[in-house]
1. Being touching a His at 6+ places or on another chain (Cβ under 8 Å) and buried (at least 19 other Cβ atoms within 10 Å of the Cβ) narrows it down to one residue among Leu304, Leu273, Leu334, Leu280; which is it?
2. Could you look through segment 433-467, keep only residues that are small (Gly, Ala, Ser) and at pLDDT below 90, and pick out the one that is surrounded by the fewest Cβ atoms within 10 Å (Cβ to Cβ)?
3. Quick one: which of Ala162, Ala192, Ala148, Ala126 is over 24 Å from the mean Cα position of the chain (by Cα) and small (Gly, Ala, Ser)?
4. Residues in segment 420-432: is at least one modelled with pLDDT under 90 and buried (at least 16 other Cβ atoms within 10 Å of the Cβ)?
5. List the strands (runs of 3 or more DSSP E) that sit entirely inside segment 265-378 and contain at least 3 residues that are closer than 14 Å to Ser90 by Cα, modelled with pLDDT of 95 or more and assigned by TED's automatic domain parsing to the domain that holds Gln181.
6. Taking Ile111 as the residue in question, decide whether it is out of contact with any Gly (no Cβ under 8 Å at 6 or more places or on another chain) and either buried (at least 19 other Cβ atoms within 10 Å of the Cβ) or at positive phi (or both).
7. Go through (1) at pLDDT 95 or above; (2) basic (Lys, Arg); (3) out of contact with any helix residue (DSSP H, G or I) (no Cβ under 6 Å at 6 or more places or on another chain) one by one and return the number of the condition Lys89 breaks.
8. Give me the pairs, please: first residue somewhere in segment 402-420 and closer than 16 Å to Ile474 by Cβ and assigned to a helix (DSSP H, G or I), second residue anywhere and modelled with pLDDT of 75 or more and polar (S, T, N, Q), beta-carbon distance under 6 Å, and either six or more positions apart or on two chains.
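The values are calculated or read from the model by the stated rules, or taken from the named source; none is laboratory data. Since we're looking at a predicted model, the values are computed, not measured. Here Cβ is always computed from backbone atoms with ideal geometry, including for glycine, and neighbour counts include all displayed protein chains.
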Amino acid sequence: MNVRFRIWWVLFFAICLLAFFNGQAFAEQELDALDDYLQTFIEEHRIPGASIALTNEEGIYYTKTWGITGEREEEVTTETPFTIGSISKSLTGLAVMKLVDDGEIDLNDPITLHLPWFTMQDDQAARQITIKQALTHTSGISTYDGLALSDQEETTVNPIKARVKRLANVQLTALPGDKHQYSNANYLILGALIEEVTNQPFAEYMAESVFAPLVMHTAAADFNNAAKNGYLSGYQSWFGIPVKSQRMYDHGGAPYGYMSASTIDMVEYITFLQQTDHKLIGGEFIELYNYPHVQTGEERFYGLGIRVSNPDTPEEMIWHSGSTPNSRSELFFLPDTGWGGVILTNKNHFLEEASLINLRNGIIRILNGEQPEPVNPPFQIIPVLISALNLIFLCVLTYSLVKLKKGEIKNILTWRIAGILQLLIAIALFPMLTELVGVPWHTVKAFAPDLAFLISMFFIFLLLNSSIHIFYSIKKPLRNL
């Protein structure tokens, strides 16, 4: 009996040992696949500096850093702070939920109950906007009007309050509660509300009441503390090539997009998302925070500062993306499997933003034991088309000058009409462009500087060509008298 027992015990031990080593081998294969995939992506997309961390229920599963920062070109580490873009909204939303949990405010309170000076062009409608509507982007303030207040590189005192006061001349584009319109203005309002309710600067409240309880030691919500923690600006993409950014930190932008944090900080935030109860806020408020309150697309929802995809399914994902003119970030947590991750990079361009979402999805596929989509080098057709248009107009300009020099202009009326048409196009160019893409011109310059340069060159060619046509068509008849 003892012999048989020992045989079974040895077999059991051998099976366990085999399973362990198979598991180890699979984990090593998975990590090798991650390394290869991430390295290829970083190289193909010419990202100067990046930091990535992946977590599971046991803690940190994988971390890796690449490259250098902007400015002093310091080596990127897991403690290097990056601006996290709109992931800042998730942390601002968390700050609001703490005030709710503390009994200082209620989600259904009108904004004006705590900000009596807040107004908009339609003051009566503005007084109906609630805290929850601002959190879920259903206040009625448009995306465009939010962008008009964003990325201002402001260094004034009380910049958040000053920015919100500029909404006094803005018209709502929907009734409060009727429509989801993602708008940075909503989180500027919430930032001002936090300052008013707590009687503290926004950055100070975030540091003491949100970052400290979450153990986010290098996170900051203002430039001075960000710089003290090691923040250095990143790179803007010019035709895919990283160029050190000259854009300054926006002091008024922390509530919607200019907080800074390292991957280690963001791992602590992901750990919070895994909890059903936390010392920062209670369980019912965590559930409310992550709840899919407003539908924004097919199987996509917005919570109270966080995005939720495929809720109540095995594919559920709690996430948010973020971008500034010189950084791009992704954060995700998969409740069903316990996987979470953060991707921080220090290069950005509007046309390259989707690539980091593809990277996130590729990482998730690898974690699930699947093959990711191949990494494709970014190809931007829009700059190519605008460059071709500029080349055409440069040729037209050269042709016009040659015709003038040779005195070969026969039809003065046609020449004049062509000049007037080009002048009208030049005058209408920027208003038409901002209306077409739905963003202010300063946003185009910040997030697509190469496109802004090409469009400005096109504008100059139009002006020069129209001036030559109009001036000559007016002067020629006078010379013939």
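1. Details: Leu273 fails: touching a His at 6+ places or on another chain (Cβ under 8 Å); Leu334 fails: touching a His at 6+ places or on another chain (Cβ under 8 Å); Leu280 fails: touching a His at 6+ places or on another chain (Cβ under 8 Å).
Of the residues listed, the single one that is touching a His at 6+ places or on another chain (Cβ under 8 Å) and buried (at least 19 other Cβ atoms within 10 Å of the Cβ) is Leu304.
2. Pass one, segment 433-467, residues small (Gly, Ala, Ser): 438, 446, 448, 452, 456, 466-467.
Subsequent filtering for residues that are at pLDDT below 90 retains 466-467.
Values: Ser466: 20, Ser467: 14.
Applying the filter and picking the extreme gives Ser467.
3. On the way: Ala162 fails: over 24 Å from the mean Cα position of the chain (by Cα); Ala192 fails: over 24 Å from the mean Cα position of the chain (by Cα); Ala148 fails: over 24 Å from the mean Cα position of the chain (by Cα).
Unique residue meeting the criteria: Ala126.
4. At the first step, the residues of segment 420-432 found to be modelled with pLDDT under 90 are 422.
Checking the rest, the ones that are also buried (at least 16 other Cβ atoms within 10 Å of the Cβ) come to 422.
Scanning segment 420-432 turns up at least one residue that is modelled with pLDDT under 90 and buried (at least 16 other Cβ atoms within 10 Å of the Cβ).
5. Working: elements: 294-297, 300-302, 307-309, 317-324, 327-333, 340-345.
Hits in segment 265-378: 317-324, 327-333.
6. Working: out of contact with any Gly (no Cβ under 8 Å at 6 or more places or on another chain): yes; either buried (at least 19 other Cβ atoms within 10 Å of the Cβ) or at positive phi (or both): yes.
Judged against the criteria, Ile111 is a match.
7. It fails just one condition, (3).
8. Matching pairs, first to second residue: Ile412/Ser473; Trp415/Ser473; Arg416/Ser473; Gly419/Ser466.
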